[in-house]
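*Asks:* The structure is given below, and queries will be raised subsequently.
Just so it is clear, none of the values below were taken in a lab; they were calculated from the coordinates. Quick caveat, the model's predicted, so the values are computed rather than measured. Using ideal geometry, Cβ is built from the backbone for each residue, glycine included, and neighbour counts are taken over all protein chains shown.
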Amino acid sequence: MATVDIQPPNDIFATFGRLNYKPWYALAEFVDNATQNFFTHTDRIADADGEALLDIDIDYDGQAKVLTISDNAHGMDLQELTRAMKISAPPPDKSGRSEFGMGMKTAACWFGSRWSVDTTQLGSDRAYTIVFDVEELAASGSPSLEVSERPADRMEHGTTLRIEELRKPIVGRQIEKIRKTLTSMYRQDIKSERVQLTWKGQVLDYEPPALWLHERPDGSLHEMRQEIELVVTDPATGLEHAVHGWVGVLKTMSSSENGFALFRRNRLIIGLPGEGWRPSELMGSTGSHSWKRLVGELHMNDFPVNFTKDGFAWEGGLEEALIEALTPLVSAYKSFASDLRTRPKGGGVTAQDFVRAVDEVQEGVRMPSLGRDLVTLGTPPPPGQPRMLPEPAVDERAEAVPSVLEVPLPTGALRATLYVKDEGPAASWLSVQSVANDDLDVIINTAHPFVAACCEDERGTILIGKFVLALALAEQQARVMHGYTIPADEIRTYLNTFLVHSKP
């Protein structure tokens with residue numbers, strides 16, 4: 001009978017650089033290995049060191065294009081190192097975070113073409129180093145790598161992974177994204193105070209979001225957090241999967257902290273910062289009060305996961321089954337969040353309440369697509385030209401919002417300063433004063449019945465703030481384009497453009 005050789009050739013490692021990794025998920029592969037090595041041997045480390053504490057240090061040298069991940073976990077002997085270097089050679093115990101026997105190789109080869117592992121196991125008098133050069137390995141075709149060894153102190157323990165010749169450099173906003181993501185991903189380890197994770201010497205510390213404190217009839221305060229425990233049956237396999245965690249209501253509405261964080265074996269799988277799991281059946285429609293308020297954590301230790309561990313393998317209906325099981329358990333909190341109003345009627349509105357409205361419009365108008373859309377509507381004359389009409393100064397009683405909006409236009413920036421002022425219910429709800437073609441004062445009358453109704457809660461205040469800013473910008477753009485003979489639909493067209501680019 002004929003046979004077929006299915007062993008992968010050495011040049012397969014070069015293809016790992018084309019995997020659909022993100023830097024934070026690739027780094028997580030190394031943290032997973034270190035934490036699992038630590039958890040498996042916690043008792044031995046505690047016996048030797050007096051207590052079991054894990055330090056994982058990530059260092060990145062952008063100029064040298066070198067990434068180093070070091071830990072003081074239990075370390076590896078030659079047998080473990082040999083297994084770790086093989087493709088799809090899972091550990092004997094697959095119940096932890098190291099499960100498929102793929103992560104270190106795929107992630108390291110994704111980052112760079114040359115990397116090394118240096119490790120010492122607690123109790124061993126030998127340390128081992130192995131160098132993995134993707135190009136040399138492909139050229140040689142050799143199925144083996146040389147391992148160098150040296151004497152070591154039996155009390156030493158840990159592993160250092162050094163990746164050189166990075167083809168995936170970490171730049172710009174990725175650095176902050178990595179810090180926030182790793183902090184969120186390993187929040188359970190960090191909160192245990194047994195694991196310390198550092199990025200370039202800075203300790204990563206997780207701060208949980210503040211939850212709403214509900215005042216009961218007797219005056220006592222109750223944190224809006226409900227524990228959850230259930231079992232979900234996979235309709236495709238018939239297997240039962242346990243789920244436990246909690247659902248809560250945020251103290252302040254948020255589109256970045258809301259949603260559920262989904263964990264597997266205490267490691268975040270879905271729910272990175274700003275990317276919470278937000279099924280509409282549980283959260284409500286996007287942008288609603290409940291959607292902005294609901295938050296939670298779910299631990300799903302035996303749910304199937306993909307091999308890059310950035311998602312669950314639940315396409316056969318398991319996700320829908322989970323949503324169905326959770327819906328009645330979170331319905332009370334969903335209703336509470338929908339009805340929650342943070343400011344009583346007559347409580348007053350201050351300029352500080354509008355800071356978020358300005359900041360969110362600012363974030364939206366920085367998008368490159370705004371510039372493209374504005375070009376299609378026409379380019380205004382150069383900014384900075386003072387208008388000939390007399391302009392009244394802002395009344396001293398008006399309070400400036402401590403955040404100024406700057407909109408990038410094809411020929412320069414347009415500034416808009418928002419003011420709040422109580423001018424009485426009979427006065428106009430909004431006035432716009434043009435200091436110059438590129439400088440506006442926008443004054444909103446908080447005593448106007450329409451404005452007052454909008455400002456009864458936080459969400460309404462933000463929305464009215466965004467709308468008046470967009471309207472003022474639209475008027476100014478139309479005015480500098482056409483003077484005071486403005487086509488009937490021009491302001492509406494500009495208003496739509498600015499509202500579309502306002503952060504939802």
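*Asks:* Under the definition of Cα pairs under 8 Å and six or more residues apart, what whole-number percent is the relative contact order of the range 232-357?
*Replies:* The value is 29 percent.
*Asks:* While we're here: Note down, for the chain, the three equivalent ellipsoid semi-axes (square root of 5 times each alpha carbon gyration tensor eigenvalue), biggest first, whole angstrom.
*Replies:* That gives 53, 29, 21 Å for the three semi-axes.
*Asks:* Sticking with this one: Efficiency by 1/(1 + (r/R0)^6): what FRET value for T15 and A332, r their Cβ-Cβ distance, R0 = 56 Å, to the nearest 0.05?
*Replies:* Using R0 = 56 Å, I get an efficiency of 0.65.
*Asks:* Simple spin-label model, 7 Å along Cα-to-Cβ: F307 to E363 in nm?
*Replies:* A separation of 3.6 nm, rounded to one decimal place.
*Asks:* Hey, what angle do you get for helix 490-500 against the long axis of the chain, alpha-carbon based, 0 to 90 degrees rounded to 10?
*Replies:* Roughly 30 degrees, rounded to the nearest 10.
*Asks:* What do you get for Rg/Rh of the range 45-94 when both radii come from the Cα atoms and Rh is the Kirkwood radius?
*Replies:* 1.08
*Asks:* At 222 nm, what helix-only mean residue ellipticity would the chain give, in deg cm²/dmol to the nearest 500, using -39500 (n - 2.57) for each DSSP H run of four or more?
*Replies:* -9500 deg cm²/dmol
*Asks:* Given R₀ = 51 Å, what would the calculated FRET efficiency be for Q202 paired with I486, taking r from the Cβ atoms and rounding to 0.05?
*Replies:* Taking R0 as 51 Å, the efficiency between Q202 and I486 is 0.45.
*Asks:* For the peptides 326-335, 469-478, what is the packing order when you average, over each peptide's residues, the other Cβ atoms within 10 Å and list the highest mean first?
*Replies:* Averaged packing, sorted descending, gives the order 469-478, 326-335.
*Asks:* Across the Cα atoms of the range 86-155, what radius of gyration and what greatest pairwise Cα-Cα distance (Dmax) are found, in Å?
*Replies:* 14.2, 39
*Asks:* On the principal axes of its Cα set, how long, how wide and how thick is the range 12-203? Give whole Å, largest value first.
*Replies:* 46, 39, 32
*Asks:* Measure off 7 Å from each Cα along the Cα-to-Cβ vector at S254 and T40, then give the distance between these two points in nanometres to one decimal.
*Replies:* Reported label-point gap for S254 and T40 is 3.6 nm.
*Asks:* If you stretched the chain out fully between A64 and A427, how much longer would it get, using 0.36 nm times the residue separation minus the C-alpha to C-alpha distance?
*Replies:* Once the chain is fully extended between A64 and A427, it gains 124.3 nm.
*Asks:* Okay, moving on. Can you give me the angle between helix 23-40 and the longest principal axis of the chain, using Cα atoms only, in degrees from 0 to 90, rounded to the nearest 10?
*Replies:* It is inclined by approximately 50 degrees.
*Asks:* Return the distance in nm (one decimal) between the two label points of a simple spin-label model at D457 and A48, each offset 7 Å from Cα along Cα→Cβ.
*Replies:* Between D457 and A48, the label points sit 5.7 nm apart.
*Asks:* A further question on this structure: When the chain is fully extended, how far beyond the present Cα-Cα distance does D55 get from D93, taking 0.36 nm per residue of separation?
*Replies:* Result: 11.4 nm gained on full extension.
*Asks:* Based on the mean of other beta carbon atoms within 10 Å per residue, what is the order of 355-363, 280-288, most packed first?
*Replies:* Put in order of decreasing packing, that is 355-363, 280-288.
*Asks:* Same structure again: In degrees between 0 and 90, to the nearest 10, how far off the longest principal axis of the chain does helix 173-185 point, with axes built from Cα atoms?
*Replies:* 70
*Asks:* Regarding the range 213-339, what is the average projected area of its C-alpha convex hull, in nm²?
*Replies:* 8.0
*Asks:* Structure shown: which of K65/K309; K86/K309; K200/K466; K251/K421; K177/K421 lie over 31 Å apart, alpha-carbon to alpha-carbon?
*Replies:* Table pairs above 31 Å Cα-Cα are K200/K466; K177/K421.
*Asks:* Also, quick follow-up: Sort the following peptides by mean Cβ neighbour count (other Cβ atoms within 10 Å, averaged over residues), highest first: 450-456, 40-46, 147-153.
*Replies:* For the peptides 450-456, 40-46, 147-153, the packing ranking is 450-456, 40-46, 147-153.
*Asks:* Could you size up the charge dipole of the range 82-209 around its Cα centre, putting +1 on the beta carbon of Lys and Arg and -1 on that of Asp and Glu, and report it in debye to the nearest 20?
*Replies:* 520
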